[in-house]
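See structure below.
The values are calculated or read from the model by the stated rules, or taken from the named source; none is laboratory data. Keep in mind that what you see is a predicted model, and the values were worked out from it rather than measured. Cβ sites come from the backbone with ideal geometry, for glycine too, and all protein chains shown count toward neighbours. Accessible surface is based on the protein model in full, side chains and every heavy atom, while ligands, DNA and RNA are left aside. Shrake-Rupley method; radii C 1.70, N 1.55, O 1.52, S 1.80 Å.
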Amino acid sequence: MAETTTGRRARKKARTRQALSDAALRLFTERGFDDVGVREVAEAADVSLSTLFQHFPSKEALVFDLDADIESALIAAVRDRAPGQPVLHAVRDHLMQSRTAARTDDPLFVLVESTPALRDYARRMWSRHEKALAAALADATGLAPDDLAITGLARFALEAPSLARASDDPARAVRDLFALLEHGWGTTPLAHEQDRSGQDG
């Protein structure tokens, strides 16, 4: 009986959260993020303002409903990688699959890109995953979470998708950036060009 009650409560909570997220995206898309208040979102979802804040700590959080899921998937990519797969490749493959498929005509993408407050929030949110990724990398490699190799890899890996997004082929761009991480500057054509110019001098 207790399990049934708990399950029903969880489903109701999930439905409320989804209703709030859907209402927020619809209102923000129709009228703009800055012109819609959280009270209007609560009313559109037919819940109280206090209920809204039980599910979402801020107005910006309404747009980024999957933050916890994104972090869990990032950690799982390292923890549950195939036997023998290097952690660098596991992170690369996950980011290629999960962070380069956004369509530029997707309403959520357009909303975030056209709203400075949401762009800043998205960047801060993504950066928060750095600690969790570093911890997962440390567990996988046996290095300390504050080891420069770990913190550097976590930082650079999470920056790769935003750099790649400007490319015509974001997935390939992520792969190229990770190749640079894996093999270093010395393997790039520019490095060889620099070497030649130094010899000419």
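Assessment of the range 105-115 against the conditions (out of contact with any His (no Cβ under 9 Å at 6 or more places or on another chain) and at pLDDT 90 or above) yields at least one matching residue. For the range 12-22, the criterion of being closer than 16 Å to Thr115 by Cβ, free of Cβ contacts under 8 Å to residues at least 24 places away in the same chain and in a helix (DSSP H, G or I) is met by none of the residues. No other residue among Asp46, Asp65 is of a type outside the set (Lys, Arg), touching a Ser or Thr at 6+ places or on another chain (Cβ under 6 Å) and part of a loop (DSSP other than H, G, I, E, B) apart from Asp65.
Entry remark, the range 121-143: residues being of a type in the set (Gly, Ala, Ser), open to solvent by less than 50 Å² (accessible area, probe 1.4 Å) and more than 17 Å from His89 (Cβ to Cβ) number 5 in total.
The residues of the range 77-100 that are surrounded by 15 or more Cβ atoms within 10 Å (Cβ to Cβ) and among the basic types (Lys, Arg), listed by number, are Arg81, Arg92, Arg99. Checking Leu74, Leu62, Leu118, Leu49 one by one, the residue that is open to solvent by less than 60 Å² (accessible area, probe 1.4 Å), closer than 18 Å to Val174 by Cβ and of a type in the set (A, V, I, L, M, F, W, C) is Leu74 and no other. Close contacts from the range 126-151, counting a first residue that is more than 19 Å from Arg81 (Cβ to Cβ) and a second that is of a type in the set (Gly, Ala, Ser) and surrounded by fewer than 14 Cβ atoms within 10 Å (Cβ to Cβ), with Cβ to Cβ under 8 Å and a gap of 6+ residues or different chains, come to Trp126/Ser162. So, in the range 32-41, how many residues would count as being open to solvent by less than 80 Å² (accessible area, probe 1.4 Å) and over 13 Å from Leu118 (Cα atoms)? Total meeting the criteria: 5. Do we find a residue being under 30 Å from His183 (Cβ atoms), open to solvent by 60 Å² or more (accessible area, probe 1.4 Å) and over 21 Å from the mean Cα position of the chain (by Cα) anywhere in the range 12-31? No; the residues of the range 12-31 include none that is under 30 Å from His183 (Cβ atoms), open to solvent by 60 Å² or more (accessible area, probe 1.4 Å) and over 21 Å from the mean Cα position of the chain (by Cα).
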